[in-house]
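Participant: I am attaching a structure below and will ask some questions about it afterwards.
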Amino acid sequence: MSNPCNHNSVAVLVFARSPEAESSIKIISENNRQNLLLWQALQDKLYKVLKKSEIPYFIFDETQQTGNSFGEKITNAVTTVFNNGFEKVLLVGNDCPELTSNHLIKAASLLVEKNMVIGPDFGGGAYLIGLSKNCFEAEKFSELPWQTPSVFNALLNYCEVEGIALLPRFYDLNSQKNAKKTTYRLNRLNSLRKIIFSCFSTASPIIA
């Protein structure tokens, strides 16, 4: 897929902790070293996706985030991107193995006609939020129920539904259960799939 956004109106904002910080909070593997390797691999994969998309990007890990609550921190990060002259932002984390450069390019393209693009996850949250500056209200955005299963529905209410486009639904790696389910969705030759799968000493059957 060609990139329709070679101009500088769109930027990707990666809002995620560093692999070291992430691995200490999100325990996918009981082995600390293996868990760190997983989050490092997820970050490396995301950087490759960003570069392939050719969309400008900003990285906000725990050392750049400012604010008291998660809502304040993510809102301040989005505000910073808009203050750098961009009209649209694609907000992503580092925990969605299925995210590709084509999804970023598609989201950027959809934002030409829509005010918001959402990539929903299976837990009621979102792995991607595309937002236009003209519908961004900082206080309202910071007060969304972040880090809860209500985020997706709250985002639908944040903007008029007619102005929202949706991407495919994916899993975020925020639990061992989701990590196991993700391995069955990734291509068997995918190196990241192998790393996720190796986090488990035995392959447990997945119950839908």
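The values are calculated or read from the model by the stated rules, or taken from the named source; none is laboratory data. Keep in mind the model is a prediction, meaning the values are calculated, not measured. Neighbour counts run over all protein chains shown; Cβ positions are idealised from the backbone, glycine included. Accessible surface is based on the protein model in full, side chains and every heavy atom, while ligands, DNA and RNA are left aside. Shrake-Rupley method; radii C 1.70, N 1.55, O 1.52, S 1.80 Å.
Condition check ((1) surrounded by fewer than 16 Cβ atoms within 10 Å (Cβ to Cβ); (2) in contact with a Cys (Cβ under 7 Å, 6 or more places away or on another chain); (3) polar (S, T, N, Q)) across all residues:
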| residue | (1), (2), (3) |
| --- | --- |
| 148 | yes, no, yes |
| 156 | yes, no, no |
| 177 | yes, no, no |
| 182 | no, no, yes |
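Participant: Shifting gears a bit: Please give the number of the condition residue 126 fails out of (1) open to solvent by 10 Å² or more (accessible area, probe 1.4 Å); (2) at pLDDT below 95.
Facilitator: (2)
Participant: Among the residues of segment 27-41, which ones are open to solvent by 40 Å² or more (accessible area, probe 1.4 Å) and not in a helix (DSSP H, G or I)?
Facilitator: 27, 30, 31
Participant: Filter segment 56-98 down to residues that are closer than 20 Å to residue 120 by Cβ and in a loop (DSSP other than H, G, I, E, B), then give me how many there are.
Facilitator: Summing the residues that are closer than 20 Å to residue 120 by Cβ and in a loop (DSSP other than H, G, I, E, B) in segment 56-98 gives 6.
Participant: Within segment 145-197, take every residue that is of a type in the set (Asp, Glu) and assigned to a loop (DSSP other than H, G, I, E, B) and give me the one that is nearest to the chain's Cα centre (by Cα).
Facilitator: Per the stated criteria, the residue is 172.
Participant: Here is a follow-up. Answer with yes or no whether residue 110 is open to solvent by 20 Å² or more (accessible area, probe 1.4 Å) and among the aliphatic types (A, V, I, L, M).
Facilitator: Considered against the rule, which asks whether it is open to solvent by 20 Å² or more (accessible area, probe 1.4 Å) and among the aliphatic types (A, V, I, L, M), residue 110 comes out as yes.
Participant: So, one more: With the requirement that a residue be touching an Asp or Glu at 6+ places or on another chain (Cβ under 6 Å) and within 17 Å of residue 175 (Cβ to Cβ), what does segment 108-157 give you?
Facilitator: Within segment 108-157, 121, 127 meet the criteria.
Participant: Moving on to the next point. Going residue by residue through segment 63-82, is there one that turns out to be closer than 15 Å to residue 173 by Cβ and open to solvent by 40 Å² or more (accessible area, probe 1.4 Å)?
Facilitator: Taking every residue of segment 63-82 in turn, none turns out to be closer than 15 Å to residue 173 by Cβ and open to solvent by 40 Å² or more (accessible area, probe 1.4 Å).
Participant: Inside segment 42-61, can you point out the residues that are within 14 Å of residue 18 (Cβ to Cβ) and open to solvent by less than 20 Å² (accessible area, probe 1.4 Å)?
Facilitator: 42, 46
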